Amino acid sequence: MAEGVAGGGAEGVAGDVELTTLLVAAARAIETHRPDALARDHYAEHFVRAAPAATHWPVHPRDVPDGEADPLWGRLGRYFALRTRAFDDQLLRAVQLGARQVVLLGAGLDARAYRLDWPGDCTLYEVDRPEVFAFKERVLDGLEAAATDRPTAHRVAVKTDFRTDWAGALTAAGFHPDHPTAWLAEGLLLHLPGTAERELFAAVDRLSAPSSTLAYEARLGPEAAAVRDHPVHTATRERTGIDLPALLDAEPRPDTPADLTARGWSTTVHTPYEFTRHYGRGPLPEPDDALAANRWVFAVRP
């Protein structure tokens, strides 16, 4: 369920991993039109409609006959909406406490630079592959040309691959390691091998000044066999062609919260259902739950 893995150009968004980015965008688009929306992203439906592979997907609640009972656009969609809201709030809290650098690792089709109210002196770095930005910028440029939409923060696109020196590309783009930073990895880690996950967090630790924060989505381990047949997964496979369990890295997951604690970070781990109770809306536990192994981690470097 990655946020930041997309192919280049509307014509190039075709593979399973690339489609997951559009899946999140479609869920955000549907959520945006709900009267009780957890988060609103008016850009999301434009990304979905610009990609031929997803033009038939719903972008409004009226396009989902079963509403929130639908396992894909209802339950999984609520999960993405809840995740968006929880991470939005975390980033805005960090900025309110003084951080003026925000780094989105695997930014994908996220539009936080536009849709959230940032201080004028805040810089938001979006880190992702050049192919992602080729598609994203074309859609955003079209919207900016037709309206007055502009980022509310200073937005910097860092076009790099996480298999290369992304940290060097980030600092070359103007990032200051000696300034407090709000980091976010939303969906990225679910598809990375354990070694790559450890290396990523080592780099984040190295680049983080005191008072920096980090929020990310993690997973306890590989999918159990029974979970593969959960309605969320079967509906997603049948309607979008995306086999979500097949996209998850099968290696044992590193205990990154413990690693961060050992590095001096103050770390808390939550289930998504805690935020369902907090915000009053979102998915609840089910038998053989496709979401039960997901964890949202929040860390602060004192």
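Bear in mind that the values in this text are calculations on the coordinates, not laboratory data. Note that the structure is predicted; figures quoted are calculated from it, not measured. Cβ coordinates were reconstructed from backbone atoms using ideal geometry, including for glycine residues, and neighbour counts include every protein chain displayed.
Under the definition of Cα pairs under 8 Å and six or more residues apart, what whole-number percent is the relative contact order of region 9-300?
This gives 18 percent for region 9-300.
Region 175-302: D in µm²/s via Stokes-Einstein (Kirkwood Rh, Cα pairs, 4 °C, 1.567 mPa s)?
D, rounded to a whole number, is 81 µm²/s.
Sticking with the crude label model, points 7 Å out along Cα→Cβ, report the distance from His278 to Arg163 in nm, one decimal please.
Spacing of the two 7 Å Cα→Cβ label points: 3.5 nm.
For region 259-302, how big is Rg over Rh, using alpha carbon atoms and the Kirkwood form of Rh?
Details: Rg = 13.2 Å, Rh = 11.9 Å.
Ratio value, two decimals: 1.11.
Can you tell which of Gly74, Gly108, Gly221 shows the greatest fluctuation in a Gaussian network model of the chain with Cα springs below 10 Å?
Of Gly74, Gly108, Gly221, the Gaussian network model singles out Gly221 as fluctuating most.
Please report how far the C-alpha centroid of region 196-228 lies from that of region 100-124, rounded to the nearest whole angstrom.
Comparing the Cα centres of region 196-228 and region 100-124, I get a distance of 19 Å.
What percentages make up the Cα-Cα pair-distance distribution of region 35-182 when the bins are 10 Å wide from 0?
Per 10 Å bin, starting at zero, the Cα-Cα P(r) for region 35-182 comes out as 10, 35, 36, 16, 2, 0 percent.
Of all beta bridges DSSP finds with both residues in the chain, what is the antiparallel percent, to the nearest 5?
40 percent
How much of the calculated P(r) for the chain lies past 30 Å, in percent of all Cα pairs?
Roughly 26 percent, once rounded to a whole number.
Please state, as a whole number in µm²/s, the translational diffusion coefficient that the Stokes-Einstein equation yields for region 107-146 at 25 °C and 0.890 mPa s, with Rh defined as the Kirkwood radius across alpha carbon pairs.
218 µm²/s
Semi-axes of region 9-109's equivalent ellipsoid from the Cα gyration tensor, sqrt of 5 times each eigenvalue, largest first, rounded to whole Å?
Details: eigenvalues 118, 67, 22 Å².
Semi-axes, largest first: 24, 18, 11 Å.
Report, by chain and number, residues whose modeled amide H sits under 5 Å from the one on Ala292, excluding near sequence neighbours (fewer than 5 apart, same chain).
none
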